[in-house]
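Before any comments, here is the structure.
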Amino acid sequence: MIIFPAIDMRQGRCVRLLQGRPETATVYFDDPVAAALAWEQQGAPWLHLIDLDGAMGDQSINRAHAKHIFKALKIPVQFGGGVRNMENLEDLLQAGARRVILGTAAVEDPGFVKQALSKFQQHVAIGLDAREGMIAIRGWQQVGSVPVLPLAKQLAEMGASRIVYTDISKDGMLDGPDLTMTRQLAVDSGLKVIASGGISCLEDVRQVKELEPLGVEGIIVGKALYERKFTLNQALQYV
């Protein structure tokens with residue numbers, strides 16, 4: 001089980017949101033590169049890095065910070081947020097991202113996603129972010145009529161190997177992850193699943209770890225670490 005400390009970048013700073021709402025941003029670090037180095041020094045095996053501005057379709061300065069992080073860290077980084085064409089994807093991989101997460105594109109441009117999976121399968125994950133079981137896109141600002149589970153099955157048929165699943169209602173709320181859908185996605189789609197959203201304590205970590213035999217391979221932890229509900233070292237020892 002891999003623990004992924006999360007860095008969400010907004011306007012060049014490290015922030016956390018509540019349920020993806022921009023007006024709820026809390027700034028934890030002014031320098032995301034320094035934050036990334038701190039997680040590496042504390043023993044993180046991977047880093048989860050998101051460009052919130054890019055995801056929302058806004059002008060973003062975060063991509064430059066991301067590239068600095070790729071170069072500064074020895075550990076692998078998975079990056080997502082606003083990656084919607086092959087040029088963006090290839091640029092990020094060449095810059096040093098180990099894995100790129102495609103979210104909105106899975107709904108809006110399945111042709112691009114299929115091409116990306118064909119060329120870079122092991123370096124691409126699909127971000128499935130949902131409200132009440134329906135996929136949200138554009139930085140979680142738009143919820144459509146696409147249910148999460150059928151889309152996961154379609155992605156498996158297209159060649160996807162892993163997904164990052166977030167129940168948006170849980171994100172930043174510190175009230176526990178969506179274990180039911182996380183389990184169902186792993187079992188029904190056959191994809192590797194990285195669980196995101198709601199982790200609040202080591203008991204939550206334990207409950208997600210119990211799903212590891214089903215194909216749940218990782219846990220993204222953000223606010224719980226920033227609010228010191230537990231330490232990264234404690235989580236790493238736990239898994």
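Each value in this text was obtained by applying a stated rule to the coordinates, not by laboratory testing. None of these values were measured; they are calculated from a predicted model. With ideal geometry, Cβ positions are generated from the backbone for all residues, glycine too; neighbour counts draw on all protein chains shown.
Worth a mention:
- 3J(HN,Hα) along the range 73-81: 8, 8, 7, x, 10, 9, 10, x, x Hz, from the Karplus curve 6.51 cos²θ - 1.76 cosθ + 1.60 with θ = phi - 60°, whole Hz, x for Gly and Pro.
- Taking the DSSP bridge list for the chain and keeping only pairs wholly inside it, about 25 percent are antiparallel.
- Derived from the Cα gyration tensor, the three semi-axes of the equivalent ellipsoid of the range 2-238 are 23, 21, 17 Å, largest first.
- Total charge dipole magnitude, the range 2-238, about the Cα centre, Cβ charges on Lys, Arg, Asp, Glu only, Debye to nearest 20: 400
- Förster radius 41 Å - calculated FRET efficiency between GLU90 and GLU210 (Cβ-Cβ, nearest 0.05): 0.60
- Fraction of alpha-carbon pairs over 21 Å apart in the range 144-226 - percent: 26
- Sparse-neighbour loop sites [GluC sites (Glu not before Pro); the range 160-222; at most 15 other C-beta within 10 Å; DSSP]: GLU210
- Estimated FRET transfer efficiency (PHE120, LEU37; beta-carbon r; R0 22 Å; 0.05): 0.25
- Longest stretch of the chain clear of exposed loop sites (trypsin sites (Lys or Arg not before Pro), DSSP loop, at most 11 other Cβ atoms within 10 Å, sites excluded): 75-227.
- Choice from ASP175, ASP51, ASP167 with maximal GNM fluctuation in the chain (Cα, 10 Å cutoff): ASP175
- Mean projected area (nm²) of the alpha-carbon convex hull when the range 1-138 is viewed from all directions: 8.4
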